[in-house]
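Chemist: So that we are looking at the same thing, I have put the structure below in structure tokens.
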Amino acid sequence: MKRTIQGLADAGEPLIQEAIAALRRYREAQAAGDPFEQVERLRLIAESAFQAVTDYQLYARGLQPITKH
């Protein structure tokens, strides 16, 4: 599945906003020269948030079941 603007919109506004906010925090920490560990932690949080958007898109289209770990 391609990551498109329409696909992101299908995921729902709150989930998208959370992912964008996480990416913003990561980029701000990177630009501020924060310690590597802090920047890396924020990067992982941002990646996870965008993965949640993608997983939701796949689930909403019936292409992937939601799995709980």
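The values are calculated or read from the model by the stated rules, or taken from the named source; none is laboratory data. Everything numeric in this text was worked out from a predicted model, so none of it was measured.
Chemist: Take the residues in region 49-65 that are within 22 Å of ILE20 (Cα to Cα) and aliphatic (A, V, I, L, M), then tell me which one is modelled with the highest pLDDT.
Modeler: Checking each candidate, the answer is ALA49.
Chemist: Which ones in region 6-48 are modelled with pLDDT of 95 or more and of a type in the set (Asp, Glu)?
Modeler: GLU28, ASP34, GLU37, GLU40, GLU47, listed by residue number.
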